[in-house]
Each structure stands twice: as C-alpha cells, then as structure tokens.
Amino acid sequence: MTLLGRLQGGVVISCQSQSPRHPLSPPSSIARLAASAELGGAVAVRIDHPRNVAASRRAVDVPVIGLYKQRRRLSRSIITPTFERAAALVAAGADVLAVEAVARAGVPTGRATEVLTRVVAALDRPVMADVSTFEEGIEAWQAGATLVGTTLSGYTPQSPRSPEPDLDLVARLAQAGVRTVAEGRFRTADQVAQAFDAGAFAVVVGTAATDPVSITRWLVEVSPRARRADG
C-alpha cells in the first residue's frame, strides 16, 4: 500500500510534549506514546524534533510525520520554518514533513510558501502544509503540498478563534479538491467523525490522546474543589 493509502481515512496521533519540563518530554517517552498510538490503531504519528522522530521511527512501523518547531517566548511556535530544519527531519527518518505555510506579520505576500516550495523541490518526502485559513490552504496546495492540515486555524490573527475544531475550514478545503488533514482541538470521537463527514482525508488528534497533564486539568476544572478555588 502507498503511504497515502495508509493514511487515508485514518486517525493520526500527535505525540508531543508541551515543554522541555513536561514529564513525557524525553525521546524514550515520546517513542512509547507513539508505540501506544500504533497499538491503538493510529495510521501514523506526528512527532516534533529530530531526536524524537528518530526514537519514534525505531519504535513504530506506521508512518512518522515529522515537524521541527521553532519555539518563541512571547508568541506561538513556528512549525519547521527553515529548509535546514526540514532536512534534519529527513535525516532522522521522517516519512512526511510538516511545514508551516501561514502568512505572518513581516512576511511579504507569496512568501508564506517559500520554505514549502523549496522542500518539495529538494527533499524526497511528501509535505503536509500546516495552515490557518482557506486562502493559505489553496496557496500551499498549489505550491505542491501533498497534504494540507488545518493545524493552525484558531492560532493566528487571520483565523477564527474557537474552542472547537474548525470543521468549516475542513469542508471548504475538501470541497475545493484539497487533500485535507483535519487537525486542531479534536477531543472527542464525535468530532473526529464530523471531520470525516466534512471530507477530511485523515484526522490528527494530539493532546486529548497523549497528554495526561492536560486531560487531568480538563477533568479537574469541573470538580467542586476547583470551583471553590475559582470562587
């Protein structure tokens, strides 16, 4: 089966830690999360940083979608912002490269796909373009992305803020003929099913599947003790 055939209609699990101080941040822990996802039926895993990609590649047989975040103190991280970071993911064993294709302040029109275009031309890997709007998705698709992820909708000034997944963006891109990966704030089986109904090629679930710290916080928030503390 082709790589795309393995991904189509399946759930991808994003195995990442929120910070270097997270209890699950060591590569060995990320690899165990990836192996657990594979046992649970995930068709692929999405992994941040070459060292974690390498550890996970040794632990699983499913495809590894690699990304290399540039973390910034006062704003969100940028996903694989340079060609060199993409090349490092290839060296680590990534099967698919996740590259951001988002318009940002200070980035001239048309330059949002500059890294994506170079990666597509020079590295022998399919590229998943992470975008936040319909227009960015179309531009990334036309620039040669194999997959377009709705990963950054809700995290940029030009995209709508919502606690729910952006199913409208999934549907619009899918209807435009874009091979769309739904990602961002998926927490329930119903939401995953809705994404496939909207035309998603695959769905990525992250925090809800792999971060016990965040899951515990969601549950604790509705407890009487937490409500008393808030009051």
Single residue of 225, 172 found to be farther than 20 Å from residue 14 by Cβ and modelled with pLDDT under 95:
225
Every listed condition ((1) under 23 Å from residue 82 (Cα atoms); (2) loosely packed, with under 13 Cβ neighbours inside 10 Å; (3) at pLDDT below 95; (4) not aliphatic (A, V, I, L, M)) holds for residue 142 save (3)
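Only one residue in 216, 180, 207, 188 is within 22 Å of residue 75 (Cα to Cα) and hydroxyl-bearing (Ser, Thr, Tyr). Which one?
Testing whether each residue is within 22 Å of residue 75 (Cα to Cα) and hydroxyl-bearing (Ser, Thr, Tyr) leaves just 207.
Results for (1) out of contact with any Lys or Arg (no Cβ under 6 Å at 6 or more places or on another chain); (2) without any contact (Cβ under 8 Å) to a residue 40 or more places away in the chain; (3) under 26 Å from residue 182 (Cβ atoms), shown as yes or no for each residue.
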site	(1), (2), (3)
37	yes, no, yes
71	yes, yes, yes
88	yes, yes, no
95	yes, no, yes
Please go through (1) touching a residue at least 60 places away in the same chain (Cβ under 8 Å); (2) part of a helix (DSSP H, G or I); (3) under 15 Å from the mean Cα position of the chain (by Cα) for residue 33 and return the number of the only condition it doesn't satisfy.
(3)
In the list 51, 111, 46, 73, which residue meets the criterion of being surrounded by fewer than 22 Cβ atoms within 10 Å (Cβ to Cβ), under 17 Å from residue 152 (Cβ atoms) and of a type outside the set (A, V, I, L, M)?
111
Here are some conditions: (1) without any contact (Cβ under 8 Å) to a residue 40 or more places away in the chain; (2) surrounded by fewer than 24 Cβ atoms within 10 Å (Cβ to Cβ); (3) under 30 Å from residue 55 (Cα atoms). Residue 119 meets all but one. Which one does it not meet?
(2)
Let me confirm something: among 6, 46, which residue is closer than 14 Å to residue 63 by Cα, basic (Lys, Arg) and more than 16 Å from the chain's Cα centre (by Cα)?
6
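Being surrounded by 14 or more Cβ atoms within 10 Å (Cβ to Cβ), farther than 30 Å from residue 111 by Cα and aliphatic (A, V, I, L, M) is the requirement here; does residue 37 meet it?
Yes, satisfied.
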If you check residue 144 against the conditions, is it at positive phi, more than 15 Å from the chain's Cα centre (by Cα) and not aliphatic (A, V, I, L, M)?
yes
When both residues are 6+ apart or on different chains and their Cβ atoms are under 6 Å apart, which pairs have a first residue that lies in segment 209-228 and is surrounded by 10 or more Cβ atoms within 10 Å (Cβ to Cβ), and a second that is of a type in the set (S, T, N, Q)?
214/207
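The values are calculated or read from the model by the stated rules, or taken from the named source; none is laboratory data. Because the structure is predicted, anything quoted here is derived from the model rather than measured. Ideal geometry is used to build each Cβ from the backbone, glycine not excepted, and the neighbour counts take in all protein chains shown.
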